[in-house]
1. Mind checking whether some residue in the range 219-242 is in a strand (DSSP E or B), within 16 Å of the ligand (Cβ to nearest atom), closer than 23 Å to MET150 by Cα and hydrophobic (A, V, I, L, M, F, W, C)?
2. Give me the residue from the range 66-87 that is charged (D, E, K, R), farther than 20 Å from SER204 by Cβ and out of contact with any Lys or Arg (no Cβ under 9 Å at 6 or more places or on another chain) and, out of that set, farthest from the ligand (Cβ to nearest atom).
3. For the range 256-277, give me each residue that is closer than 21 Å to VAL91 by Cα and near the ligand (Cβ under 9 Å from one of its atoms).
4. List, please: which pairs have Cβ atoms under 6 Å, are six or more places apart or on different chains, and start with a residue in the range 119-135 that is open to solvent by 30 Å² or more (accessible area, probe 1.4 Å) and end with one that is near the ligand (Cβ under 6 Å from one of its atoms)?
5. Tell me the residue from LEU183, LEU187, LEU154, LEU167 that is in contact with a strand residue (DSSP E or B) (Cβ under 6 Å, 6 or more places away or on another chain) and either modelled with pLDDT under 95 or crowded, with 19+ Cβ neighbours inside 10 Å (or both), please.
6. I'd like the full set of residues that are within 13 Å of LEU53 (Cβ to Cβ), open to solvent by 50 Å² or more (accessible area, probe 1.4 Å) and of a type in the set (S, T, N, Q), limited to the range 69-109.
7. So which of GLY140, GLY123, GLY90 ends up being away from the ligand (no atom under 12 Å from the Cβ) and either aromatic (Phe, Trp, Tyr) or closer than 25 Å to TRP273 by Cβ (or both)?
8. If you go through the range 36-86 one residue at a time, how many are within 19 Å of ARG119 (Cβ to Cβ), part of a loop (DSSP other than H, G, I, E, B) and modelled with pLDDT of 95 or more?
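The values are calculated or read from the model by the stated rules, or taken from the named source; none is laboratory data. In this text, all values refer to a predicted model and were calculated from it rather than measured experimentally. No Cβ is skipped: glycine too gets one built from the backbone with ideal geometry, and neighbour counts run over all protein chains shown. All accessible areas refer to the heavy atoms of the entire protein, side chains included, with ligands and DNA or RNA removed. Shrake-Rupley method; radii C 1.70, N 1.55, O 1.52, S 1.80 Å.
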Amino acid sequence: MSKPEKIVAIKGMNDILPTNAPLWELFENTTETILKSYGYQKIVTPIVEETGLFARAIGAVTDIVEKEMYSFEDSMNGDKLTLRPEGTAGVVRAVLEHNLVYDGPKRLWYKGPMFRHERPQRGRYRQFFQFGAEAVGFSGPDIDAELIMMCRRLWDDLGIQNVRLELNSIGNADERLRHRADLIAYLEKHEDILDAEAKRRLHSNPLRILDTKNPAMQDMVNAAPKLLDYLGEESLAHLEGLKKILDRNAVQYTINPRLVRGLDYYNRTVFEWVTDELGSQGTICAGGRYDPLIETFGGKATPAVGFAMGMERIIELMKGLGEAAAPNQCDVYMVHQGEEAQAQAFILAERLRDAGLDVVLHCATPAGAGSFKSQMKKADGSGAAFAVIIGEDEVASSKAAVKAMRGESGEQQQASVPFEEVVDYVVDQIVGDHDHDHVHYHP
Ligand code: HAM
């Protein structure tokens, strides 16, 4: 028989393997703790939504909607569906559908996979994970500042340095309209420098041309009319209000007049946290205000602001820090030989887990249950603080051998402990020994 063909993961979609999982867990736990400390509540929305939701929220003339969405027809009923390319649209849909803001504004957070059919490269994937926060129903610059400061706290807690904050205001629709007319006139004057994409966007989405990475267009876009110069009193006051809070809290930022963001729902505040340590995909977190969005979905006018972080990119930074997340370890490894010993081991393992310990029970492989020696090797490799060993002699005497795997001076002490006392014995040893970092005891 010929060997079956190997099936591999889809290009641009990654496995998160157990060796990396502790780092992901550290990131997720740290972020969730911080979000909670600012009063944000978790929301989970489906990964698949109607295609129309994204087209309407993100904008028809955007990279995401034009060419990056995983859209398909449901073969059962012909529904047009899309794997979510980002989280804001789904959250806004859910807020409206469940009238979540009926009793006042809401601070929400979410995490999960997003899908964009981009050209994969370092830091840019087709399935990637975002951690996002959306504050719905708040209008002032205070909440914008809160979101930004929440990010700063996260970088501090994770030990991430060398990340800078870029800030801009893209005003409101009227202000953008006035700017747009001047911008198009300016770009038309420089049509010979525009690349094909810019030419295509000249009349549909000229603002996005300012975001170009094309080196040949940099000087030209740098000298283009700046939206900041078109802001009215209220938009300016909002930006000044935000700057004032950031200044008072020693949050450093640079105003980047060319920061316009790639999604169409934004107004006023937009920001990005950027690092130079990840090559060209250095934006680890991005967001801004999207005050008009809820109204465009038929809801009552409700201001909102949020951000999303690219988890892969942040994990990559954490790796660069040599971040030592505790590897997957357990407190106790159960070693046993013989049928009755196995039965006892199962019972004891459950009791140890009842007491809050992480316990790995040795199980058979195709090579068999394994000798004591090979099981002890596994116990050692598991990083367990203790091996609880049950063989024929232990069954006969109703006592287990409890071996400390990582004694003070490296010696492995062993005690003979009656079955019914094993839990207390191990817990006592671990609690008395609680600053050992290999202990996972969680009563
Ligand atoms: P975004 O700028 O499209 O904004 O994405 C936010 C972050 O997700 C990026 O800064 C980046 O870290 C990460 N990211 C985006 N695409 C990829 C990719 N292909 N591979 C890896 N990471 C990626 C949004 O998605 C908005 N929903 C943010 C927001 C929330 N604005 C208001 N509320």
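1. Initially, the range 219-242 is screened for residues in a strand (DSSP E or B), giving none.
No, that holds for no residue.
2. We begin by selecting, within the range 66-87, every residue charged (D, E, K, R); these are 66-68, 73-74, 79-80, 84, 86.
When the remaining residues are screened for being farther than 20 Å from SER204 by Cβ, the result is 73-74, 79-80, 84, 86.
Still in the list and also out of contact with any Lys or Arg (no Cβ under 9 Å at 6 or more places or on another chain): 79-80, 84.
Details: ASP79: 23, LYS80: 21, ARG84: 10 Å.
By that ranking, first place goes to ASP79.
3. Within the range 256-277, the first condition is being closer than 21 Å to VAL91 by Cα, and the residues that meet it are 261-272.
Correct list: ARG261, GLY262, LEU263, TYR265, TYR266, VAL270, GLU272.
4. Pairs that qualify, where the first residue is open to solvent by 30 Å² or more (accessible area, probe 1.4 Å) and the partner is near the ligand (Cβ under 6 Å from one of its atoms), are ARG124/GLU118.
5. Values: LEU183 fails: in contact with a strand residue (DSSP E or B) (Cβ under 6 Å, 6 or more places away or on another chain); LEU187 fails: in contact with a strand residue (DSSP E or B) (Cβ under 6 Å, 6 or more places away or on another chain); LEU154 fails: in contact with a strand residue (DSSP E or B) (Cβ under 6 Å, 6 or more places away or on another chain).
So the residue among LEU183, LEU187, LEU154, LEU167 that is in contact with a strand residue (DSSP E or B) (Cβ under 6 Å, 6 or more places away or on another chain) and either modelled with pLDDT under 95 or crowded, with 19+ Cβ neighbours inside 10 Å (or both) is LEU167.
6. Answer for the range 69-109, where residues must be within 13 Å of LEU53 (Cβ to Cβ), open to solvent by 50 Å² or more (accessible area, probe 1.4 Å) and of a type in the set (S, T, N, Q): just SER71.
7. Numbers: GLY123 fails: away from the ligand (no atom under 12 Å from the Cβ); GLY90 fails: away from the ligand (no atom under 12 Å from the Cβ).
The conditions single out GLY140.
8. 3
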